[in-house]
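Structure first, then comments.
The values are calculated or read from the model by the stated rules, or taken from the named source; none is laboratory data. What you see is a predicted model, and the numbers here were worked out from it, not measured in a lab. Neighbour counts are summed over all protein chains in view; Cβ atoms, including those assigned to glycine, are modelled from backbone coordinates with ideal geometry. Calculation scope for accessible area: heavy atoms of the full protein, side chains included, ligands and nucleic acids excluded. Shrake-Rupley method; radii C 1.70, N 1.55, O 1.52, S 1.80 Å.
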Amino acid sequence: MIKKSNKNICCIGAGYVGGPTMSVIAYNCPDLKVNVVDMNADRINSWNDQDLSKIPVFEPGLDKIVKKCRGVNLFFSTKIKENIAKADIIFISVNTPTKTRGIGAGYASDLKWIESSARQIARYAQNHTIVIEKSTLPVKTAETIKTILNSSDQDDRNVLLKDKKTFSIVSNPEFLAEGTAIDDLQNPDRVLIGGEDEHSIKVVADIYKNWVDPNKIISTNLWSSELSKLVANAFLAQRISSINSISALCESTGANINEVSGAIGADTRIGHKFLKPGPGFGGSCFKKDILNLVYLSRFYGLDEVADYWEQVVNINLWQQNRISSIVIKNLFGTLSNKTLAIYGFSFKANTNDTRESPSITISKNLLREGAKLTFFDPKVSKKQILNEFDEFACEDNLLVASTSLDAAKGADAVIVLTDWEEFKDLDWKNIFLLMRKPAWVFDTRICIDQKFLKNIGFKVWTLGTTD
Ligand code: NAD
Ligand code: UGA
């Protein structure tokens, strides 16, 4: 029997959540030993790369924390079995994407990675272990995990009563946003801990109390915690779809979306945050979590609730298709023999993550109209961009440039799709000179001074205005 250290944490899943979250725990809790495990050996190798620019998640500030803690009390490894066995506390931080086939396809979460994690824990854990749901999960998933964990000893008839494994399950969803993950983890609005036994809730709360104000630590029952995570994402995404729907109305009426957003956000009951119009929300979670909420609502017979939330996702796709149509219309209704420069491929600034990026849908729409695309993104690699376009793999209609100027050469339009700060200060004069005329800028993020561009000679379309 492996002896536990009493302060040993294992996290299954070294992704965008597991990696940064565990790094911040290790950083703030020098007495804890944190082992992050993953079945993806390439990912673990990258986390262990001596060159910190190669760790697999780009997040401002993450490299410094990894540098300080890695090899001290933070370890990345593929040794899943050994690290589960040593752990007192196990975070499950694996992917929970939308199911692509079978019952609930297109809506429900695919829990196969959660199930495999639970089975690994059931098999290798020793004595008592606190198992924490860090992944975003459908409400009631803890029930499934408990059933798997509690079946563990039935597999092993030789187990002595004194060696019997026991588990407590806790829900501790993560609210970090990519690009600001370290700041969000260091200064969270709240930490949510849902559980059934006070002791386990306290153990988890005590970890966070090393750096989080205890007043920000909320404890609830398991189901409230699981559901609150889905609902938080749905409410945030709903605000974006709301403001994006109004951006179209502004374009039809002469109102200006930034002015409207500023005016309504000044009402403290509404607030300014998450009212930034754009090409629709991207990222791996908003869409999948809302669709999951839609699925759960239908499952419980609440069709009106399901329809209400599904509309948030429908408006998001509508906004992306609407922007694509506007580009095509302004370029004389055809993109044949035209080159369009796509500025920005990550789903938001300050991340290299491209999952569900609006750039993907919009680029595919433009390719279907016969456009040639040249991409430029400061953090997304050529390989990562081209991976998204397997079905368009004709050699000369997709190019990835390493500078904004290279991407603009001979282009008819620049389409700004990610709000990278550096796009404001590009060499727009030279970009204009390199382009075919009339040279267009379509600014879907409202991030570049329209007057400045027009003075250079560009034709400009900016989201949510008639200017
Ligand atoms: P990810 O795909 O980046 O990482 C998940 C990792 O888990 C992968 O590296 C995968 O190899 C590993 N994995 C899966 N099953 C495994 C197993 N049985 N054993 C070992 N490793 C296994 O996913 P992510 O973006 O980190 O998201 C993880 C969860 O957190 C999801 O439920 C997501 O909804 C939620 N979440 C994500 C964010 C975000 O910003 N990305 C924020 C909050 C919550
Ligand atoms: C979002 C939530 O903000 C996190 O709280 C949550 O933990 C996370 O999802 C998750 O569960 O995965 P994230 O997707 O990383 O975080 O980034 P956001 O800042 O929320 O942006 C999501 C998308 O909405 C981006 O495409 C962004 O450009 C867009 N957005 C955001 C807008 O178009 N307007 C806004 O006002 C805000």
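Can you flag which of K229/K288; K112/K216; K33/K209 are past 22 Å Cα-Cα?
K112/K216
Please compute the contact order of the range 365-467 in relative form: average sequence separation of alpha-carbon pairs under 8 Å and at least six residues apart, divided by the residue count, as a percent.
Result for the range 365-467 is 22 percent.
Want the number for R269 to D197: 0.36 nm per residue separation, take away the alpha-carbon distance, what's left?
22.3 nm
Considering Cα pairs under 8 angstrom that are at least six residues apart, work out the relative contact order of the range 202-350 and quote it in whole percent.
The normalised contact order for the range 202-350 reaches 23 percent.
Using per-residue counts of other Cβ atoms within 10 Å, averaged over each peptide, order 428-438, 454-464 from highest down.
454-464, 428-438
Using the Cα centre of the range 410-467 as the reference point, and only Cβ charges (+1 on K/R, -1 on D/E), how large is the resulting charge dipole? Debye, rounded to the nearest 20. Walk me through the intermediate numbers first.
On the way: 8 positive and 9 negative charges, 71 e Å.
The calculation lands at about 340 debye.
Computed over the Cα atoms of the range 325-466, what is the convex hull's projected area averaged over all directions, in nm²?
7.6 nm²
Pick out, from C285, V260, C250, the residue whose Cα sits farthest towards the positive end of the charge dipole of the range 238-287, with +1 on the Cβ of Lys and Arg and -1 on the Cβ of Asp and Glu.
C285
Binning at 5 Å from 0, report for the range 158-270 what percent of all alpha-carbon pair distances ends up in each bin.
Result returned by the calculation: 2, 10, 14, 14, 14, 12, 10, 8, 7, 4, 2, 1, 1, 1, 0, 0.
Taking the 0 to 90 degree range and rounding to the nearest ten, how far is the long axis of helix 198-208 tilted relative to the main principal axis of the chain, both from C-alpha atoms?
The two axes meet at around 50 degrees.
Summing +1 for each Lys or Arg and -1 for each Asp or Glu, what net charge is found among the other residues whose Cβ lies under 13 Å from the Cβ of I114?
Cβ neighbours under 13 Å give a net charge of +1.
I'd like to check one number: the per residue accessible area of the range 350-467, probe 1.4 Å, reported in Å² as a whole number.
Value returned for the range 350-467: 45 Å² of accessible area per residue.
When DSSP beta bridges are limited to those with both residues in the range 15-171, what percentage is antiparallel, rounded to the nearest 5?
So the antiparallel bridges in the range 15-171 amount to around 5 percent.
Expressed as an acute angle from 0 to 90° and rounded to the nearest 10, what is the orientation of the C-alpha long axis of helix 18-28 relative to the principal long axis of the chain?
With both axes taken from Cα atoms, the answer is about 70 degrees.
Would you please classify the overall shape of the range 207-246 from the alpha carbon gyration tensor, given that a ≥ b ≥ c denote the square roots of the eigenvalues, rounded means a/c under 1.5, and beyond that prolate means a/b larger than b/c while oblate covers the rest?
Here the range 207-246 falls in the oblate category.
If you take every DSSP beta bridge fully contained in the chain, what fraction is antiparallel? Give it as a percent rounded to 5.
Antiparallel: roughly 5 percent of the beta bridges in the chain.
Please work out the ratio of the alpha-carbon Rg of the range 229-337 to 2.2 N^0.38 Å and round it to two decimals.
Expressed relative to 2.2 N^0.38 Å, the Cα Rg reads 1.22.
How many angstrom separate the Cα center of the range 126-150 from the Cα center of the range 438-460?
Each part reduced to its Cα centre gives a spacing of 51 Å.
If you count only protein heavy atoms with a 1.4 Å probe, what accessible area per residue comes out for the range 10-168, rounded to a whole Å²?
On the way: 7410 Å² over 159 residues.
Each residue of the range 10-168 exposes 47 Å² on average to a 1.4 Å probe.
Efficiency by 1/(1 + (r/R0)^6): what FRET value for R123 and E421, r their Cβ-Cβ distance, R0 = 41 Å, to the nearest 0.05?
So, using R0 = 41 Å, E works out to roughly 0.30.
Hey, how much of the P(r) for the range 49-98 falls beyond 13 Å, as a percent of Cα pairs?
In whole percent, the long-distance tail amounts to 71.
Whole-Hz Karplus ³J(HN,Hα) for the range 380-385, in order, using 6.51 cos²θ - 1.76 cosθ + 1.60 and θ = phi - 60°, x for Gly and Pro?
Running phi through 6.51 cos²θ - 1.76 cosθ + 1.60 with θ = phi - 60° gives 9, 6, 4, 4, 5, 5 Hz.
Given Cα positions, please report Rg to Rh for the range 18-158, the hydrodynamic radius being the Kirkwood one.
Rounded to two decimals, Rg/Rh equals 1.00.
Report the antiparallel proportion of the DSSP beta bridges in the range 332-467 as a percent, rounded to a multiple of 5.
Expressed as a percentage, antiparallel bridges in the range 332-467 total about 0.
What is the Cα radius of gyration of the chain over 2.2 N^0.38 Å, N being its residue count?
1.06
Under 19 Å Cα-Cα from K364, which lysines qualify once same-chain neighbours fewer than 8 residues away are excluded?
Filter leaves K287, K329, K338, K348, K372, K382, K383.
What is the distance in Å between the Cα centroid of the range 162-185 and that of the range 215-233?
A separation of 12 Å, based on Cα centres.
What dipole magnitude, in Debye to the nearest 20, does the range 341-417 give about its Cα centre under +1 on Lys/Arg Cβ and -1 on Asp/Glu Cβ?
Value, rounded to 20: 200 debye.
Below 8 Å, C-alpha to C-alpha, sequence gap of six or more: please give me the relative contact order for the chain in percent.
With pairs under 8 Å counted, the relative contact order is 12 percent.
Would you mind estimating how fast the range 215-280 diffuses translationally, via Stokes-Einstein at 37 °C and 0.692 mPa s with the Kirkwood radius over Cα pairs, in µm²/s?
Rounded to a whole number, D works out at 241 µm²/s.
Give me the distance in nm between label points sitting 7 Å out from Cα along the Cα-to-Cβ direction at T220 and T403, one decimal.
5.1 nm
Lys and Arg at +1, Asp and Glu at -1: add these up for the other residues within a Cβ distance under 13 Å of D467 and post the number.
Details: positive: K451, K454, K459; negative: E251, E259, D443, D449.
So the surrounding residues net to -1.
What is the magnitude of the charge dipole of the chain about its Cα centre, with +1 placed on the Cβ of each Lys and Arg, -1 on the Cβ of each Asp and Glu, and no other charges, expressed in debye to the nearest 20?
600 debye
Please say if the range 301-370 is rounded, prolate or oblate, where rounded means a/c under 1.5 for a ≥ b ≥ c the square roots of the C-alpha gyration tensor eigenvalues, and otherwise the choice is prolate for a/b larger than b/c and oblate otherwise?
Oblate shape, in that a/c is at least 1.5 and b/c is the bigger or equal ratio.
Calculate, for T466 and N337, the FRET efficiency according to 1/(1 + (r/R0)^6) with r their C-beta to C-beta distance and R0 25 Å; round to the nearest 0.05.
Values: r = 29 Å, r/R0 = 1.18.
About 0.25, to the nearest 0.05.
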